[in-house]
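**Student:** Pasting a structure below so you can have a look.
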Amino acid sequence: MHTLEFSNAKVVRSAHSGGVTALDLDPTEQRYLLAGAADASVAIYDTQQPSTAEALGAAQAAQTSAAAAAALTGARAPRASVQAAVAAANAEHSEHAALLSIGKQAPGAHKYSVSAVAWYPVDSGLFVSGGYDSEVKVWDANCAAVVHTFSLSARVYTAAMSPIATAHCSVAVGSGDTQVQLCDIVSGAFTHTLSGHRAAVWALHWSPSSEWQLVTGGCDGQLRLWDIRRPGPLHIFDQHDTQQQHEQRRQQQQQQQQQQQQEAAAQPGGGERRQDVQQPAAARATQRQGSAGRQRGLQRSGSAGGANSAPAAGAGGGSERMFLPDKVTKYSTAHAGPITGVVPTLDGLSWVSAGTDDRLRLWDAATYRHALVHYPTAYNRAQRGRQLAVSDDSSTLFFPSGSVLQMYAVGSGGLLRTLAGGHFDTINCCRWNGAAQELYSGGDDCNIVVWAPAPERVTAEREAWQRGNSDGDAWSD
């Protein structure tokens, strides 16, 4: 994986005349690559089976006509693929044209830029797309027809389906109206609204370990964890809430309690006082908050614990605080700027978020705390969401930064490699294929680029493995 480079053995013939904005790989076979673009088009590519000469000819004709149309209208013409030019020198390279391409003129297609695409996790015969026309569309991949359309009140920036869901078929949608909508593709209706963000939601991702949990990132710098069975957030990630601070806070509380106990023991007749001192500081703070809330006439529901009690109504306004852990408020932020991407590690142990403050942050999925891992040179000036990717062994993070892709070690933050030379323009999205050990990226130059391990390194590793395997004892009857 650490030997990834620009592949000259496989070329994806892009069917898009606008920047590629979103990618998704089908989870069942890890074969079909779904792409959405700024020209309102959606296309599907077979990453395993090369296209026929007839299909390649049709793709070339489509690219020629798109370039001619751009010249007539004054629009920016699609840039020629660097990968195609490099691969032409390799006689054994394979080319992969679109199996299915849905343009702006197709019945039921998006009118404006497609910002999100997602496969139905169970079957590659169904997929979902969202666009700047404020619509989320459910497609039948076999006949390229729209099955259902969800109309929202603002631009759709991101959409996703849970890869492990068995009890629901919900599509989580982040848009410009600050609310996260859950669309049920079975009933064709909106089932939930998750309110709390104070700006547009650019990024979201379902948990790989719970079909009910969802993490969203907004332009308000907040990263929220939701359980879709309840209206309020389970947690709001705080960049200042670290494991180190937690230990220091715990030690300070213990020292204060010991000091108060010593002072109370030194006072004559302080029996009641000693009982009050022995009460944990967190419990006394909870009691003070509860009495203050009753004086203000606030209505509270659930148990005295507050942090784990289920709400009776929505999580808006002042009632949101009571569902959050201590030291966390509804104004806590994960980044000092809009959050452009969020992705979990596939083992479910961590989350990674990216923001326009040029920061990548690693979060512990169990404690929700900031892990304080530094990822150097994480340049990010995105004006919309960007897709991050994590390898299937949860060790490597792929981060689009300008026109290059940066590979980081998730646990340590070390910069492993910078993938450059594949795109002329900004990279918007990337997707890792664990089965083929390939990385796919899409950019504003309208191209989809394949990154693969260096052939020489793969051959050397294979030969080393074969030599090591041949050194074993040969047993016979």
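**Student:** How many residues does region 27-38 hold that are more than 15 Å from VAL450 (Cα to Cα) and either at pLDDT below 95 or part of a strand (DSSP E or B) (or both)?
**Tutor:** The total comes to 5.
**Student:** Quick one: which of TYR368, TYR408 is under 17 Å from the mean Cα position of the chain (by Cα) and modelled with pLDDT under 95?
**Tutor:** After ruling out the rest, the residue left standing is TYR368.
**Student:** Within region 222-259, how many residues turn out to be modelled with pLDDT of 80 or more and part of a helix (DSSP H, G or I)? Even if it seems obvious, please write down each step before you answer.
**Tutor:** Filtering region 222-259 for residues modelled with pLDDT of 80 or more gives 222-242, 256-259.
Imposing the further condition that a residue be part of a helix (DSSP H, G or I) reduces the set to 256-259.
Going through region 222-259 one residue at a time, the tally reaches 4.
**Student:** Let me ask something else about it. With the requirement that a residue be farther than 20 Å from ARG224 by Cβ, buried (at least 18 other Cβ atoms within 10 Å of the Cβ) and among the aliphatic types (A, V, I, L, M), what does region 364-389 give you?
**Tutor:** The answer is VAL373, ALA378, ALA389.
**Student:** Among the residues of region 208-224, write down those that are touching a residue at least 40 places away in the same chain (Cβ under 8 Å) and under 15 Å from ARG198 (Cα atoms).
**Tutor:** THR216, GLY217, GLY218, CYS219, ASP220, GLY221, GLN222, LEU223
**Student:** Here is a further query. If I ask for residues that are under 28 Å from GLU29 (Cα atoms), of a type outside the set (S, T, N, Q) and either in contact with a Phe, Trp or Tyr (Cβ under 6 Å, 6 or more places away or on another chain) or in a loop (DSSP other than H, G, I, E, B) (or both), which ones from region 410-444 would you list?
**Tutor:** Within region 410-444, VAL410, LEU419, GLY422, HIS423, CYS430, ARG431, GLY434, ALA435, ALA436, LEU439, ASP444 meet the criteria.
**Student:** While we're here: Would you check if there is a residue in region 369-377 being assigned to a strand (DSSP E or B) and aromatic (Phe, Trp, Tyr)?
**Tutor:** Looking for residues that are assigned to a strand (DSSP E or B) and aromatic (Phe, Trp, Tyr), one finds none in region 369-377, hence no.
**Student:** Also, quick follow-up: Report the residue count in region 1-26 for those that are outside any strand (DSSP E or B), touching a Leu at 6+ places or on another chain (Cβ under 8 Å) and under 23 Å from ASP393 (Cβ atoms).
**Tutor:** Kept after step one, since they are outside any strand (DSSP E or B), are these residues of region 1-26: 1-3, 7-9, 13-19, 26.
So of that shortlist, the ones also touching a Leu at 6+ places or on another chain (Cβ under 8 Å) come out as 2, 13, 26.
Within this subset, residues satisfying the condition of being under 23 Å from ASP393 (Cβ atoms) are 2, 26.
Qualifying residue count, region 1-26: 2.
**Student:** Out of everything in region 314-364 that is of a type in the set (S, T, N, Q) and not in a strand (DSSP E or B), what residue ends up being modelled with the lowest pLDDT?
**Tutor:** Within region 314-364, the match that is modelled with the lowest pLDDT is SER319.
**Student:** Among what's in region 189-227 and is over 17 Å from the mean Cα position of the chain (by Cα) and among the aliphatic types (A, V, I, L, M), pick the residue that is nearest to VAL136 (Cα to Cα).
**Tutor:** Applying the filter and picking the extreme gives ALA189.
**Student:** Next question, about the same structure. Which residues, taken from region 2-29, are in contact with a Ser or Thr (Cβ under 6 Å, 6 or more places away or on another chain) and closer than 18 Å to GLY434 by Cα? Even if it seems obvious, please write down each step before you answer.
**Tutor:** Residues of region 2-29 in contact with a Ser or Thr (Cβ under 6 Å, 6 or more places away or on another chain): 10, 15-16, 21, 26, 28.
If the condition is that a residue be in contact with a Ser or Thr (Cβ under 6 Å, 6 or more places away or on another chain) and closer than 18 Å to GLY434 by Cα, then LYS10, ASP26, THR28 are the ones that fit.
**Student:** Can you find, within region 21-44, the residue that is nearest to ARG384 (Cα to Cα) among those that are crowded, with 24+ Cβ neighbours inside 10 Å and among the hydroxyl-bearing types (Ser, Thr, Tyr)?
**Tutor:** Taking the candidates together, the pick is THR21.
**Student:** Of everything in region 131-153, what is farther than 16 Å from ASP177 by Cα and either out of contact with any Lys or Arg (no Cβ under 9 Å at 6 or more places or on another chain) or of a type in the set (Gly, Ala, Ser) (or both)? Give them in sequence order. If you could, list the steps in order and put the result at the bottom.
**Tutor:** Applying the first criterion (farther than 16 Å from ASP177 by Cα) to region 131-153 yields 137-149.
Passing the criteria: LYS137, VAL138, TRP139, ASP140, ALA141, ASN142, CYS143, ALA144, ALA145.
**Student:** Same structure again: Do the conditions hold for PRO400, that is, is it closer than 21 Å to ALA159 by Cβ and in contact with a Leu (Cβ under 8 Å, 6 or more places away or on another chain)?
**Tutor:** Numbers: closer than 21 Å to ALA159 by Cβ: yes; in contact with a Leu (Cβ under 8 Å, 6 or more places away or on another chain): yes.
The answer is yes for PRO400.
**Student:** What tally of residues in region 170-221 results from selecting those that are hydroxyl-bearing (Ser, Thr, Tyr) and outside any loop (DSSP other than H, G, I, E, B)?
**Tutor:** 5
**Student:** Filter region 80-130 down to residues that are touching a Lys or Arg at 6+ places or on another chain (Cβ under 9 Å), part of a loop (DSSP other than H, G, I, E, B) and among the charged types (D, E, K, R) and give me whichever is modelled with the highest pLDDT.
**Tutor:** LYS111
**Student:** Can you find even one residue in region 190-205 that is within 30 Å of ASN8 (Cα to Cα) and modelled with pLDDT under 95?
**Tutor:** In the first step, residues of region 190-205 are kept if they are within 30 Å of ASN8 (Cα to Cα); the result is none.
Scanning region 190-205, I find no residue that is within 30 Å of ASN8 (Cα to Cα) and modelled with pLDDT under 95, so the answer is no.
**Student:** Taking VAL156 as the residue in question, decide whether it is surrounded by 17 or more Cβ atoms within 10 Å (Cβ to Cβ) and either touching a residue at least 40 places away in the same chain (Cβ under 8 Å) or closer than 20 Å to LEU34 by Cα (or both).
**Tutor:** For VAL156, the condition - surrounded by 17 or more Cβ atoms within 10 Å (Cβ to Cβ) and either touching a residue at least 40 places away in the same chain (Cβ under 8 Å) or closer than 20 Å to LEU34 by Cα (or both) - is met.
The values are calculated or read from the model by the stated rules, or taken from the named source; none is laboratory data. Computed from a predicted structure; not experimentally measured. When we count neighbours, we look across all protein chains shown, and the Cβ atoms used for this are built from the backbone with ideal geometry, even at glycine.
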